[in-house]
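Report on the structure given below.
The values are calculated or read from the model by the stated rules, or taken from the named source; none is laboratory data. This structure is a prediction, so every number in the text was calculated from the model and none was measured. Using ideal geometry, Cβ is built from the backbone for each residue, glycine included, and neighbour counts are taken over all protein chains shown. Accessible surface areas use protein heavy atoms only, side chains included; no ligands, DNA or RNA. Shrake-Rupley method; radii C 1.70, N 1.55, O 1.52, S 1.80 Å.
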Amino acid sequence: MSDRFSHLWPPQNERISAALESVYCDGDWGRYHGAQTTMLEGKLFEYFDCSYVHLVCSGTIGIELALRGLGVQSGDEVVLAAYDFPGNFRCIEAIGARPVLADIASSSWSLCPESFEAAISPSTKAVVVSSLHGGLANIAKISAIAKHHGILVVEDICQVPGAVVNTDRVGTFGDVAVLSFGGSKLLSAGRGGAVLTNAESVWQRINVFKERGNDTFALSQLQAAVLNPQLDSLDDDNALRTRNALKLIDRTALVDGVSGLSYAEGETPVFYKVAWLLKSCQQRAMLLAEARQLGLPLFEGFKGFAKRSERRCGKPVSLRNSECASDTTVLLHHPVLLAEDSVLEEVGAQLVQLFDQMG
Ligand SMILES: *Cc1c(COP(=O)(O)O)cnc(C)c1O
């Protein structure tokens, strides 16, 4: 992916360069586990106030391991939003469990608590809650409903590391949380992920699954080395991105026929993508073609699962908001959010003009 903001990502700074130099010099990069992975685990314990961390090779494997850690088995049902990261559906299938779809709340791109509750059956074992495109799922409410029904909660925080609801960090509400360190993610090692939990039993089940004479899904010392300095500056980087994303959302709020993120009081979102809903799928195709001409990093959102057959997944509730999001979401990729004010100004003006033309 190359656009006029790609020079802003991945981050290239002295701290990352020094970390790489240091693992090169001390030979740590050739070891399975060592000072860098231990340091990263320590930073994650502290940042997310959790007791156990598994560093893993991707966010996708992280979700699968999280479900295995919770004891999800073949035949169990796992609820997830019908608009979500494609891998999450596949992770549930990989275990032999059955995905059951619930709807998202409009303009949050994230699971709707009421829809989740309506999708629960006696076979529901767990729910995967992703916060997408800066939207934060109402995780307090979802966790309360889950607890009431004896359902376990996986928080997929791959897109929102550092987001806060009231005074609690997203990723501390559920039974287990999953981070991604993929190439485009806000904490990036080109690949990688982490599974966070307070439950020893969850940590232990994952340990048994991944131990095959070696740590089968490990994250390397080299990857940990570039992540450590990024975690140190995450809050500052997020603050800048969030300020700029909210500016763009405000700026486009008055355009007819387009809706941006709605978020509740007390929520401090974090932006991996900034999302808007357009009026139709056709309109989106035209808009994306024009954006390409302008060099704007705008893309389609996820395809979603609402059209998948009932042989593959349960569909007990209306999925109207998810279908709409699948058809009409456009996403702005995050590196632009680190650009200087004058560039951001220009991008804001271009977005308004693009959206206006569609009206
Ligand atoms: C990126 C992402 C993942 C998976 O992460 P990978 O490290 O790319 O496997 C899972 N969930 C969401 C919401 C993501 O954005």
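Give the range 183-201 a look and list any residue that's over 16 Å from Pro229 (Cα atoms), part of a loop (DSSP other than H, G, I, E, B) and either more than 10 Å from the ligand (Cβ to nearest atom) or open to solvent by less than 10 Å² (accessible area, probe 1.4 Å) (or both), or say none. Correct list: Asn198, Ala199.
Beta carbons closer than 7 Å, at least 6 apart along the sequence or on distinct chains, pair a first residue in the range 69-88 that is within 21 Å of Arg320 (Cβ to Cβ) with a second that is in a helix (DSSP H, G or I) and more than 16 Å from the ligand (Cβ to nearest atom) for Val79/Phe116.
The requirement of being surrounded by 21 or more Cβ atoms within 10 Å (Cβ to Cβ), within 16 Å of the ligand (Cβ to nearest atom) and outside the structural domain of Leu40 (by TED's automatic domain parsing) is not satisfied by Leu277. Residue pairs whose Cβ atoms lie under 8 Å apart, sitting 6 or more positions apart in sequence or on different chains, and linking a residue in the range 320-341 that is in contact (Cβ under 8 Å) with a residue 40 or more places away in the chain and more than 30 Å from Gln12 (Cα to Cα) to a partner that is of a type in the set (Phe, Trp, Tyr) and in a strand (DSSP E or B), are Thr329/Trp276. Confirm whether Leu296 is more than 16 Å from the ligand (Cβ to nearest atom) and either assigned to a helix (DSSP H, G or I) or open to solvent by less than 20 Å² (accessible area, probe 1.4 Å) (or both). Yes: the conditions hold for Leu296.
From the list Ala291, Ala285, the lone residue that is among the small types (Gly, Ala, Ser), open to solvent by less than 10 Å² (accessible area, probe 1.4 Å) and outside any strand (DSSP E or B) is Ala291. Total residues in the range 84-125 satisfying the condition of being more than 18 Å from the chain's Cα centre (by Cα), open to solvent by 30 Å² or more (accessible area, probe 1.4 Å) and away from the ligand (no atom under 16 Å from the Cβ): the figure is 10. Do the conditions hold for Arg308, that is, is it surrounded by fewer than 17 Cβ atoms within 10 Å (Cβ to Cβ) and touching a Phe, Trp or Tyr at 6+ places or on another chain (Cβ under 9 Å)? So Arg308 fits the description; yes.
Residues of the range 311-341 that are open to solvent by 50 Å² or more (accessible area, probe 1.4 Å) and in contact with a strand residue (DSSP E or B) (Cβ under 6 Å, 6 or more places away or on another chain): Lys315, Asn321.
Take the conditions touching a residue at least 60 places away in the same chain (Cβ under 8 Å), open to solvent by 30 Å² or more (accessible area, probe 1.4 Å) and within 24 Å of the chain's Cα centre (by Cα) and apply them to Cys57. Does it pass? It is true that Cys57 is touching a residue at least 60 places away in the same chain (Cβ under 8 Å), open to solvent by 30 Å² or more (accessible area, probe 1.4 Å) and within 24 Å of the chain's Cα centre (by Cα). Looking across the range 337-354, the residues that are within 15 Å of Trp276 (Cα to Cα) and of a type in the set (S, T, N, Q) come down to Gln350, Gln353. Considering the range 73-83, and only residues there that are open to solvent by less than 10 Å² (accessible area, probe 1.4 Å) and more than 13 Å from the ligand (Cβ to nearest atom), the residue that is nearest to Lys210 (Cα to Cα) turns out to be Val78. Consider Asp175 carefully, then state whether it is more than 18 Å from Cys50 (Cβ to Cβ), open to solvent by 10 Å² or more (accessible area, probe 1.4 Å) and either among the charged types (D, E, K, R) or in contact with an Asp or Glu (Cβ under 7 Å, 6 or more places away or on another chain) (or both). Answer is no for this residue. Identify the residue in the range 126-169 that is in contact with a Pro (Cβ under 8 Å, 6 or more places away or on another chain) and more than 16 Å from the ligand (Cβ to nearest atom) and, among all such residues, is most open to solvent (accessible area, probe 1.4 Å). Applying the filter and picking the extreme gives Lys141. Checked against the criterion of being away from the ligand (no atom under 16 Å from the Cβ), assigned to a loop (DSSP other than H, G, I, E, B) and farther than 23 Å from Cys158 by Cβ, the candidates Val347, Val317, Val343 yield just one match: Val317.
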